[in-house]
Amino acid sequence: MGKRVLIIEDEPNIIEAISFILSRDGWSVKTHSNGHDAMDVVRARSPDLIILDVMLPGKSGYDILEEIRADVTFGEIPVLMLTARGQRKDREMAERAGASRYMTKPFSNSDVLEAVRELAQP
Amino acid sequence: MPESSIIGTRIRENRLLRGLRQSELAKAVGISPSYLNLIEHNRRRIGGKILLEIAATLNVEPSVLSQGAEAALIAGLQEAARRDVEGNSAEQDRLEEFAGRFPGWAKLLVDLHRRSEELEHSVKALTDRLAHDPHLAESIHEVLSVVTAIRSTASILVDPKPLEPEWQNRFHRNINEDSRRLAEGAKALAQYLDAAPGSESDIRSPQDELDTFLSENRYHFTPLEIGGGATVDDILDVDQFLTLPAAIEMARTVLKQYEADAHRVHYGELLAEIEKRGVAPIELADAMNVNPATIFRRLATLPEEHVGPIGLAICDGSGTLLLRKPFDGFLVTRMSGSCPLWPLYRVLAQPDVPLQMRLQQVGRDARPVTAMAVAERVGPMQFNVPPTLRAYMLVVPMSVTDEAECLVEVGTSCRVCSREGCLSRREPSAMQSGF
């Protein structure tokens with residue numbers, strides 16, 4: 001496949017595990033771990049899909065998602081949001097901000113793989 | 001006036017208690033029995049000499065008749081009646097009679113009312129804790145993140161698909177690292193929840209604990225004064241009242257400030273200056289060459305027997321109370337937001353300009369006070385950066401020489417305030433009109 005996924009997450013061992021399973025599934029994986037310049041990295045990497053954590057140092061995942069949705073080039077890109085809070089309020093916030101899919105920690109590898117594969121369908 | 005009406009009832013109660021006839025008491029104090037009868041039925045005001053003589057004859061302190069413990073009891077009963085949601089229509093017009101004739105029952109009722117308020121507050125604190133406690137949310141987030149990493153890593157490791165040795169080593173190392181972090185995180189969380197007074201009946205916020213800690217120490221820490229020979233940690237080590245980690249941190253901040261202040265303004269010198277100038281913070285600050293806020297804080301740490309009662313409230317730029325030292329007759333509550341008319345909040349608009357006002361809180365137990373306030377910048381001054389402010393308000397008894405005409409009426413908190421036509425009102429008063 002060789003499709004590009006960008007993981008924006010600040011927990012190094014989550015990054016490592018997810019990177020591994022996605023690489024093994026044939027994805028080209030790039031990672032980034034803070035909020036400040038996340039949008040610059042999106043533009044530079046030009047991914048086909050983004051996995052975005054809600055709680056990031058520097059900037060909230062919701063704000064980054066809004067920037068992504070407002071961007072001319074990347075506005076339509078599938079975004080999978082990760083969060084440690086599964087409350088209805090958080091889910092609604094993610095939907096309002098334009099998340100393609102929302103996943104609550106702790107998720108399983110197969111959940112992530114399945115979600116990513118689904119989101120990558122044209 | 002309700003005050004005078006209590007006096008008559010109380011004289012009658014005290015007289016009957018001592019088995020004196022109306023005529024006997026009247027004779028002893030040199031008034032006619034019919035006049036005493038009018039007084040006892042609250043149809044004549046009484047004060048001054050006659051009150052003193054009656055008190056002497058009845059062998060009680062005059063204050064027992066003029067204000068006494070009943071004032072507090074009556075205030076408590078009124079409070080309970082206001083919170084009566086069941087519509088029991090307690091006979092408020094006969095409240096004083098009730099408190100006077102059945103003080104035991106009245107006390108019990110007030111105690112029960114207070115207890116139910118406390119419990120209500122506890123339930124609220126408990127709910128708030130789950131929904132809003134940032135420390136708890138942070139800890140749970142941390143634990144969940146590590147659990148996610150472990151789950152993800154573990155399932156890669158057990159996957160039957162072959163794994164290169166270096167990857168395998170890496171994931172083993174990660175899982176080991178994460179499991180250690182998880183153990184620590186879980187332990188910290190358990191400690192935090194444990195420290196949360198769940199086992200005891202009172203759920204307390206860190207602020208409550210700080211208040212208890214300071215008031216149990218009477219806001220004075222001799223070991224931190226010059227020559228006291230103790231450090232902040234020594235005091236925290238032996239303390240019995242602080243359990244929540246946040247409360248301990250807050251107490252540490254307060255004590256560090258205390259220590260620094262004690263070095264800038266020596267205890268003995270301050271007492272000597274007060275001897276000369278009185279409790280006049282601005283003059284004292286000038287004489288001792290420190291900023292007023294230092295003196296404000298310092299004054300509130302002095303033992304009452306030397307300087308009389310001094311109350312203190314400190315708030316930040318949002319108006320949130322950081323510290324309060326209670327003052328009899330001027331109520332400062334953390335429960336539901338304070339009165340924006342206090343000089344404490346007015347000075348925030350103009351830092352470094354001290355404000356002095358004579359205040360009278362609306363409410364039965366309130367007494368006229370002199371309040372002095374000042375707001376000061378915290379931290380270094382910078383170009384184009386708005387200052388971080390702290391406002392201080394000292395409350396002292398109003399001296400008899402002070403002009404009573406310029407007394408400004410202020411509240412405590414909207415809910416318990418009956419001040420009419422107040423532009424600053426946030427919510428309706430729970431008090432019935434006519435009080």
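The values are calculated or read from the model by the stated rules, or taken from the named source; none is laboratory data. Computed from a predicted model, the values in this text were never measured in an experiment. Quick reminder, even Gly has a Cβ in these numbers, built from the backbone with ideal geometry, and neighbours come from all protein chains shown. Surface areas here come from the heavy atoms of the whole protein model, side chains and all, with no ligands, DNA or RNA. Shrake-Rupley method; radii C 1.70, N 1.55, O 1.52, S 1.80 Å.
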Among helices (runs of 4 or more DSSP H) completely within the stretch B:250-307, the ones holding 3 or more residues that are of a type in the set (S, T, N, Q) and surrounded by 13 or more Cβ atoms within 10 Å (Cβ to Cβ) are none
Of (1) at pLDDT 85 or above; (2) within 11 Å of chain A (Cβ to nearest Cβ), B:L108 fails just (2)
Query raised in the report: Right, A:D40: closer than 27 Å to B:I150 by Cα and either surrounded by fewer than 18 Cβ atoms within 10 Å (Cβ to Cβ) or at the interface with chain B (Cβ under 10 Å from one of its Cβ atoms) (or both) or not?
Result: no
Within the stretch B:240-249, the residues that are modelled with pLDDT under 90 and surrounded by fewer than 15 Cβ atoms within 10 Å (Cβ to Cβ) are B:Q240, B:P245
Listed by first then second residue, the pairs whose first member lies in the stretch B:162-174 and is within 11 Å of chain A (Cβ to nearest Cβ), whose partner is of a type in the set (A, V, I, L, M), with beta carbons under 6 Å and at least 6 positions apart or on separate chains, are B:F171/B:I156; B:F171/B:L157
How many residues of the stretch A:49-84 are within 24 Å of A:N13 (Cα to Cα) and crowded, with 17+ Cβ neighbours inside 10 Å? The answer is 19
Among residues of the stretch B:254-269 being hydrophobic (A, V, I, L, M, F, W, C) and in contact with a Leu (Cβ under 7 Å, 6 or more places away or on another chain), the residue farthest from B:L323 (Cα to Cα) is B:A262
Residues of the stretch B:220-238 being open to solvent by less than 30 Å² (accessible area, probe 1.4 Å) and assigned to a loop (DSSP other than H, G, I, E, B), in sequence order, are B:F221, B:E225, B:A230
The correct count of residues that are modelled with pLDDT of 75 or more and within 27 Å of the chain's Cα centre (by Cα) in the stretch B:59-83 is 11
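A quick yes/no check of all residues on (1) closer than 21 Å to B:R334 by Cβ; (2) modelled with pLDDT of 80 or more; (3) assigned to a strand (DSSP E or B):
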residue: B:M381; (1), (2), (3): no, yes, no
residue: B:N384; (1), (2), (3): no, yes, no
residue: B:M393; (1), (2), (3): yes, yes, yes
residue: B:S399; (1), (2), (3): no, no, no
residue: B:E405; (1), (2), (3): no, no, no
residue: B:E409; (1), (2), (3): no, yes, yes
residue: B:E420; (1), (2), (3): no, yes, no
residue: B:S424; (1), (2), (3): yes, yes, no
If you go through A:I51, A:I68, the only one that is among the β-branched types (V, I, T), under 13 Å from the mean Cα position of the chain (by Cα) and within 14 Å of another protein chain (Cβ to nearest Cβ) is A:I51
Residues of the stretch A:91-117 being of a type outside the set (K, R) and within 13 Å of chain B (Cβ to nearest Cβ), in sequence order, are A:M103, A:T104, A:P106, A:F107, A:S108, A:N109, A:S110, A:D111, A:V112, A:L113
